[in-house]
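Engineer: Here it is, the structure in full.
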């Protein structure tokens, strides 16, 4: 696939200085045209991207990808971890490979980790909680941010964060936020950062739009979660980092600011939160 996309906002020039803070560039759906994906990132003004692990294999692949040169000057960074969907295979011995990966300069966070209670046939909740809480404590011990996946589990996550007695990670990032504004305020009160993906642009995303409109600007990140959740007007297509421009433009519209102003502020936040040099 080598499709051109017009990423100009309002008919003007493409945005610049964009950072996609959550992508899965190691995914097999990019195998046929990953170099074209990187080129389109550059064309769309996406200069940096955090690619995310979901288990040992994808975490290692993300590090390899980040440390491989590309001709477009795209800087890739990595989060390593075990996703809640893979919690049944998680053991405390995973600390060894995870810690070894964090010694690579490209690794900037632990994730994505968390709780996902959406499917009845998913990993048992006690195994999810063990995998999440263990990796959360490692992130605190290693002074790294955590990238949290939370689906149909906001009440339990808030309860955990309110009562956590482990060493706190350097930052707590709520990836692809799915809660409402009331829950967002509770997370903000606990020092969390909220990241918005393409679902913020969907017509039925009223709660997300309220949150995106009201969140303090210094606590906001933007992402794609590609290859999933392509934003409008690309919904239904394979998502890719270049499309983060659409999410930035929609949030800027909600807040009544210039899209480039929103993109710049979100990038400043990403550089601070992930300690990107």
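Just so you know, all these numbers are worked out from the coordinates, no wet-lab data involved. All of these numbers come straight from a predicted model, not from anything done at the bench. Here the Cβ is made from the backbone with ideal geometry for all residues, glycine too, and neighbour counts use every protein chain on show.
Engineer: Starting from the Cα-Cα distance between residue 33 and residue 103, subtract it from 0.36 nm times their residue separation and give me the gain in nm to one decimal.
Structural biologist: This chain segment gains 22.3 nm when fully extended.
Engineer: So which residue, out of 257, 244, 80, gets the largest mean-square fluctuation from a GNM of the chain using Cα contacts under 10 Å as springs?
Structural biologist: So, out of 257, 244, 80, the one fluctuating most is 257.
Engineer: Compute a Gaussian network model of the chain, connecting alpha carbons closer than 10 Å, and tell me which residue from 256, 191, 45 fluctuates the most.
Structural biologist: Top of the fluctuation ranking is 256.
Engineer: Could I ask something else about it? Quote the convex hull volume per residue of region 18-273, based on C-alpha atoms, as a whole number of Å³.
Structural biologist: 119 Å³
Engineer: Here's another thing I want to ask about it. Quick check for you: which residues of region 73-105 have the amide N under 16 Å from the point 7 Å beyond the Cα of residue 277 toward its beta carbon?
Structural biologist: 75-78, 103-105
Engineer: Here is a further query. Could you work out the helix-only [θ] at 222 nm for the chain, with each DSSP H run of four or more residues adding -39,500 (n - 2.57) and the total divided by the number of residues, to the nearest 500 deg cm²/dmol?
Structural biologist: Values: 9 runs with 102 residues, N = 277.
Rounded to the nearest 500, it is -11000 deg cm²/dmol.
Engineer: Using Cα centres only, tell me the gap between region 21-87 and region 88-127 in whole Å.
Structural biologist: Their Cα centres are 17 Å away from one another.
Engineer: Please check: in the Gaussian network model of the chain (C-alpha springs, under 10 Å), which one of 186, 79, 248 has the largest mean-square fluctuation.
Structural biologist: Checking each option, the largest mean-square fluctuation is seen for 186.
Engineer: What is the distance in Å between the Cα centres of region 141-199 and region 213-251?
Structural biologist: 19 Å
Engineer: Using a simple spin-label model with points 7 Å from Cα along the Cα→Cβ vector, what separation in nm is obtained for residue 258 and residue 141?
Structural biologist: 4.8 nm
Engineer: Additional query: Only counting other Cβ atoms within 10 Å, I'd like 119, 77 sorted with the fewest neighbours first.
Structural biologist: 119, 77
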